[in-house]
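Asks: Shown below is the structure under consideration.
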Amino acid sequence: MTTRFDGATQCGPHLASQPVSPTGAKRLSARALLRTTQHSLTIFGISAVALIALLITRPDLANKLGNTLHGPSIAQAIEAMPDAPLSAAAATPAPVLLSAKEKAMLASEKQQQWVTDWLSKRYRVAGDAADMFVSTAYITAHEIKLDPLLILAVMAIESGLNPFAESPVGAQGLMQVMSKIHHARFQDLGGVKAALNPAANIRVGSLILKDYVTRGGSIKEGLKTYVGAAAFDSDSGYGSRVLAEYARLKQVAIGKKVPVHTRAVAVTVPKPVPAQNEELASL
């Protein structure tokens, strides 16, 4: 490094002491840019050749690269598309046509829900328990060809939907079945101890009720036998109370607003007469 007498410092022995003109600076910049461009093109060309060679030797990579750059074809894209509506009109689903059986099932489900809600409020029973009682009554009624609302009416008057109800004369469960008399009917359901099982009690009670209605020729006569008053002139109002509850349930089942606070009067049940019951007579 040399130092001039005017105090300026030179950067090296190869630099001219005179400043470079603007034209010269432009020429130097152009040459540098040209040299950089040449080097870049050379590198790009080498890379392109290497990439082409790689794609030739690896066709699978070529296919993946093509799919990445261009995507699937139009035909492939259409096939891959879900069944989406192509217009506003197509977006509106076509009405579903239900068969008569499906309509009946939907109507039954709605009816059961109305009946369940009403009984749950009327007898202060938990919704889940009421739902189980009602659904079991409907299933049983369908199997034995009896109106489920009649079964539920008997159940309501007999026990107030209390599955653990027991009377002094031995009637048990929701439908107050005399398990000692009808023990044979519980044989396939776990024995007499199943009398307090809601499902078993509903089934046995419904079968007994169906037999009595069939033999009596009417619901009224069947109820009189069911309560054990067949040998009496009166059933102490039992049949009237069941039929009144039966009528209310019919209204509930068609969506009518029926008050839940109509009090169900307690029933005084006459003592059963052995001669009126074939199962009791066989003991």
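Asks: Could you check Ala199 against (1) touching a helix residue (DSSP H, G or I) at 6+ places or on another chain (Cβ under 8 Å); (2) more than 19 Å from Val115 (Cα to Cα); (3) part of a helix (DSSP H, G or I); (4) open to solvent by 20 Å² or more (accessible area, probe 1.4 Å) and say which number it fails?
Replies: So the condition that Ala199 fails would be (2).
Asks: Do you know which residues across region 102-125 are closer than 21 Å to Gly205 by Cβ and either surrounded by fewer than 12 Cβ atoms within 10 Å (Cβ to Cβ) or of a type in the set (A, V, I, L, M) (or both)?
Replies: Result: Val115, Leu119, Val125.
Asks: Then there's this: Anything in region 136-162 that is under 20 Å from Gln113 (Cα atoms) and not in a helix (DSSP H, G or I)? List them, or say none.
Replies: Leu146, Asp147, Gly160, Leu161, Asn162
Asks: Across region 186-196, which residue is surrounded by the most Cβ atoms within 10 Å (Cβ to Cβ) among those that are part of a helix (DSSP H, G or I) and within 35 Å of the chain's Cα centre (by Cα)? Talk me through it step by step, then tell me what you get.
Replies: Step one: filter region 186-196 for residues part of a helix (DSSP H, G or I), giving 186-189, 192-196.
Add one more test, that the residue is within 35 Å of the chain's Cα centre (by Cα), and what stays is 186, 188-189, 193-196.
Details: Phe186: 20, Asp188: 10, Leu189: 16, Lys193: 11, Ala194: 20, Ala195: 28, Leu196: 17.
That would be Ala195.
Asks: Write out, first by first residue and then by second, each pair whose Cβ atoms fall under 8 Å of each other, whose residues are 6+ apart or on separate chains, and whose first residue, in region 166-177, is farther than 15 Å from Ala200 by Cβ while the second is among the charged types (D, E, K, R).
Replies: Val169/Lys271; Gly170/Lys180
Asks: Filtering region 209-231 down to residues that are under 24 Å from Gly170 (Cβ atoms) and without any contact (Cβ under 8 Å) to a residue 40 or more places away in the chain, which residue is surrounded by the fewest Cβ atoms within 10 Å (Cβ to Cβ)?
Replies: Here is the first cut: in region 209-231, the residues under 24 Å from Gly170 (Cβ atoms) are 209-213, 215-216, 221-231.
Checking the rest, the ones that are also without any contact (Cβ under 8 Å) to a residue 40 or more places away in the chain come to 211-212, 215-216, 221-222, 224.
Numbers: Asp211: 15, Tyr212: 20, Arg215: 12, Gly216: 16, Glu221: 16, Gly222: 25, Lys224: 22.
Taking the candidates together, the pick is Arg215.
Asks: Further, regarding this structure: Tell me whether region 105-127 contains one or more residues that are modelled with pLDDT under 95, charged (D, E, K, R) and either over 24 Å from Thr262 (Cα atoms) or assigned to a helix (DSSP H, G or I) (or both).
Replies: There is at least one residue in region 105-127 that is modelled with pLDDT under 95, charged (D, E, K, R) and either over 24 Å from Thr262 (Cα atoms) or assigned to a helix (DSSP H, G or I) (or both).
The values are calculated or read from the model by the stated rules, or taken from the named source; none is laboratory data. Since we're looking at a predicted model, the values are computed, not measured. So basically every Cβ, Gly included, is an ideal-geometry build from the backbone, and we count neighbours across all protein chains shown. Keep in mind that these areas ignore ligands, DNA and RNA; they rest on the heavy atoms of the full protein, side chains included. Shrake-Rupley method; radii C 1.70, N 1.55, O 1.52, S 1.80 Å.
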